[in-house]
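Participant: Just dropping this structure here.
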Amino acid sequence: DTEVTQTPKHLVMGMTNKKSLKCEQHMGHRAMYWYKQKAKKPPELMFVYSYEKLSINESVPSRFSPECPNSSLLNLHLHALQPEDSALYLCASSQATGRSYEQYFGPGTRLTVT
Amino acid sequence: ILNVEQSPQSLHVQEGDSTNFTCSFPSSNFYALHWYRWETAKSPEALFVMTLNGDEKKKGRISATLNTKEGYSYLYIKGSQPEDSATYLCAFIGDNQGGKLIFGQGTELSVKP
């Protein structure tokens, strides 16, 4: 199974809502990533988890809160978002964070903040 | 700020044409370069992981070369097919960056039958 799954596919939330994005992989990968992608722009890294520990936080606002409950799951908790946070949120995983390891991406969650 | 640039931004070719595009990246502190294909409504899919200067990799009709000294990589598609239509992204990993991918803007390829 080389699939990374993400739920939900689409999410519309108000600025006062709290919601979570979920990502799952069963490839035994020990590195997991969150990216944000705005239209016509490349994906931008938000967070990296390596062996279930947060290893990179790209100065992401605290209204985004990542969580890695176990090696297969990655969550992104959302609270008090702004309309400019509307984007495609991609999850990815790789065997580890070394240079040779390709990343496997999920299909993304399309988030709209109203 | 590390800059990864791809050209052209978009390309329209006829079925059967061969095509190539470029990824430019910083030539210092090179660690690895990845190529991904991203079809509309699907997940980005890894094509190649390249780590050594002079690397050449091939997958079917698609191949890639790497020049780390001058900071560029080429992706070639031989005999383009409509199913090759996608955005092709390169991603640079710098030394001591914890495996962080820095993506280029992508080249959007459209192959007409």
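The values are calculated or read from the model by the stated rules, or taken from the named source; none is laboratory data. Predicted, not measured: the structure shown is a model, and the values here were computed from it. Ideal geometry is used to build each Cβ from the backbone, glycine not excepted, and the neighbour counts take in all protein chains shown. Accessible surface is based on the protein model in full, side chains and every heavy atom, while ligands, DNA and RNA are left aside. Shrake-Rupley method; radii C 1.70, N 1.55, O 1.52, S 1.80 Å.
Participant: Quick one: what Rg and Dmax do you get for the protein assembly as shown from the alpha carbons, in Å?
Facilitator: Looking at the protein assembly as shown, its Cα Rg and Dmax stand at 17.6, 52 Å.
Participant: Just need the Rg to Rh number for the range B:1-112, please, alpha carbons only, Kirkwood Rh. List each step's numbers first, then the result.
Facilitator: Working: Rg = 13.5 Å, Rh = 14.0 Å.
Across the range B:1-112, the Cα-based Rg/Rh ratio is 0.96.
Participant: Could you order A:Met46, A:Met15 so the one with the most accessible surface comes first? Probe is 1.4 Å. Write out the running numbers ahead of the final one.
Facilitator: Values: A:Met46 10, A:Met15 85 Å².
Largest accessible area first, the list is A:Met15, A:Met46.
Participant: In bins 5 Å wide, starting from 0, what share of all Cα pairs of the range A:23-89 does each bin hold, as a percent?
Facilitator: Values per bin, smallest distances first: 4, 16, 28, 24, 17, 9, 2, 0.
Participant: So what J values fall out for the range B:57-64 if you push phi through Karplus, 6.51 cos²θ - 1.76 cosθ + 1.60 with θ = phi - 60°, rounded to Hz, Gly and Pro as x?
Facilitator: Values per residue, Gly and Pro as x: 10, 9, 9, x, 8, 10, 9, 9 Hz.
Participant: Using the Kirkwood formula on the Cα atoms of chain A, what hydrodynamic radius do you get, in angstrom to one decimal? Intermediate values should be presented prior to the final figure.
Facilitator: Numbers: mean 1/r = 0.0713 Å⁻¹.
By the Kirkwood definition, the hydrodynamic radius is 14.0 Å.
Participant: Using a 1.4 angstrom probe on the protein heavy atoms only, line up B:Leu11, B:Leu101 by accessible area, largest first.
Facilitator: Working: B:Leu11 35, B:Leu101 5 Å².
Largest to smallest exposure gives the sequence B:Leu11, B:Leu101.
Participant: Only four residue types carry charge here, +1 at the Cβ of Lys and Arg and -1 at the Cβ of Asp and Glu. Report the dipole size of the protein assembly as shown about the Cα centre in Debye, rounded to the nearest 20.
Facilitator: On the way: 23 positive and 22 negative charges, 71 e Å.
Around 340 debye, computed over the protein assembly as shown.
Participant: Cα-based Rg (one decimal) and Dmax (whole number) for the range B:28-87, in Å?
Facilitator: Rg and Dmax of the range B:28-87, Cα atoms, are 12.5, 37 Å.
Participant: What distance in nm separates the simple spin-label points at A:Arg110 and A:Ala96, each placed 7 Å from Cα in the Cβ direction?
Facilitator: Simple spin-label model gives 3.8 nm for this pair.
Participant: In the range A:76-102, which residues have a backbone nitrogen under 20 Å from the label point lying 7 Å from A:Ser55's Cα in the Cα-to-Cβ direction?
Facilitator: A:76, A:90-102
Participant: Here is a further query. Which order do A:Thr109, A:Thr5 take when ranked by solvent-accessible area (1.4 Å probe, heavy atoms of all protein chains), largest first?
Facilitator: Numbers: A:Thr109 0, A:Thr5 60 Å².
Solvent-accessible surface, decreasing: A:Thr5, A:Thr109.
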